[in-house]
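*Asks:* I'd like to ask some things about the structure below.
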Amino acid sequence: MKIHKEGKGILLWTPVVLLLIYYSIHTKAAFSYYQSIGVAVVSAAFYFWLIYFFRDPYRIIHLKDQYILGPADGKVLSIQTIYEGEYLREDRLKISIFMSPFNVHVNRFPMSGKIVFFKYHPGKHLVAFHPKASTHNERTTVVIENDEGQQILFKQIAGFIARRIKFYFKEGDEVQQGEKCGFIKFGSRMEVYVPLDADIKVAVGDKVKGGITVLAKI
């Protein structure tokens, strides 16, 4: 199983930190044999969860020009009409995807084209499924324009546990649908804003896979 680059450093120093914590506690209160075994089991379980969280599975991406692909793994939280006032300044259909700590957290471009807008917003860390997370939490806003002049906007939104958003591109870059674009650490949310006349292909509660599931046709 391939490990994403965002996790390699964490996986290297986590065992050291766990050993230091164990040693620090052990010097103040001696553990019994069974307590030591319990600590070892919990530590190992946590470490293997980190490996699982930072997994980067291989995926075959089939390019679909008029389709918007899921930007990440997760569950469709809501689909609603909303006024997008940061860049597009028009009503759009917003598809919200909740990424639990057990989902693959690799982020992908939902459409091919050129990045015409990018902005990072510092903010709060409300739980990712909170209605105000879209406007109050730490987040990025990205707008892609394809060759036909169609634009879609998507957001990476940090959640309660997430404390770091990574985005690997900048305004002006040409990008390809399904290409890896970023990573959000430890539980988060992504939103995709598509035109009102888009043909939505998912429903609330559906599970989606980044770069594979079709969200809408434009």
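*Asks:* Would you mind telling me which numbered condition in (1) in contact (Cβ under 8 Å) with a residue 40 or more places away in the chain; (2) crowded, with 16+ Cβ neighbours inside 10 Å; (3) over 18 Å from Phe117 (Cβ atoms) Ala158 fails?
*Replies:* (1)
*Asks:* Select from the stretch 131-148 the residues that are part of a loop (DSSP other than H, G, I, E, B) and under 18 Å from Lys166 (Cβ atoms) and list them in ascending order.
*Replies:* Glu138
*Asks:* Check Phe169 against each of (1) over 21 Å from Ser78 (Cβ atoms); (2) modelled with pLDDT under 95; (3) in contact with a strand residue (DSSP E or B) (Cβ under 7 Å, 6 or more places away or on another chain) and name the one condition it does not meet.
*Replies:* (2)
*Asks:* Kindly provide the set of residues from the stretch 170-184 that are assigned to a loop (DSSP other than H, G, I, E, B) and either more than 23 Å from Asn103 (Cα to Cα) or in contact with a Ser or Thr (Cβ under 7 Å, 6 or more places away or on another chain) (or both), ordered by number.
*Replies:* Those that are assigned to a loop (DSSP other than H, G, I, E, B) and either more than 23 Å from Asn103 (Cα to Cα) or in contact with a Ser or Thr (Cβ under 7 Å, 6 or more places away or on another chain) (or both): Lys170, Glu171, Gly172, Asp173, Gln176, Gln177.
*Asks:* Another question, if that's okay. Filter the stretch 162-209 down to residues that are aromatic (Phe, Trp, Tyr) and under 23 Å from Gly85 (Cβ atoms) and give me whichever is nearest to the chain's Cα centre (by Cα).
*Replies:* Step by step, filter the stretch 162-209, then rank; the result is Phe167.
Quick grid of which residues meet (1) in contact with a Leu (Cβ under 9 Å, 6 or more places away or on another chain); (2) closer than 30 Å to Ile218 by Cα; (3) not charged (D, E, K, R):
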position	(1), (2), (3)
Tyr22	no, no, yes
Ser32	no, no, yes
Gln35	no, no, yes
Val41	no, no, yes
Ile51	yes, no, yes
Phe54	yes, no, yes
Tyr58	no, yes, yes
Ile68	yes, yes, yes
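*Asks:* Is it true that Asp173 is more than 22 Å from Arg92 (Cβ to Cβ) and free of Cβ contacts under 8 Å to residues at least 60 places away in the same chain?
*Replies:* Against the criterion (more than 22 Å from Arg92 (Cβ to Cβ) and free of Cβ contacts under 8 Å to residues at least 60 places away in the same chain), Asp173 qualifies.
*Asks:* Then there is this: Is at least one residue of the stretch 5-15 among the basic types (Lys, Arg), assigned to a helix (DSSP H, G or I) and surrounded by 12 or more Cβ atoms within 10 Å (Cβ to Cβ)?
*Replies:* Checking the stretch 5-15: at least one residue is among the basic types (Lys, Arg), assigned to a helix (DSSP H, G or I) and surrounded by 12 or more Cβ atoms within 10 Å (Cβ to Cβ).
The values are calculated or read from the model by the stated rules, or taken from the named source; none is laboratory data. Keep in mind that this is a model prediction, so the values were computed, not measured. Cβ coordinates were reconstructed from backbone atoms using ideal geometry, including for glycine residues, and neighbour counts include every protein chain displayed.
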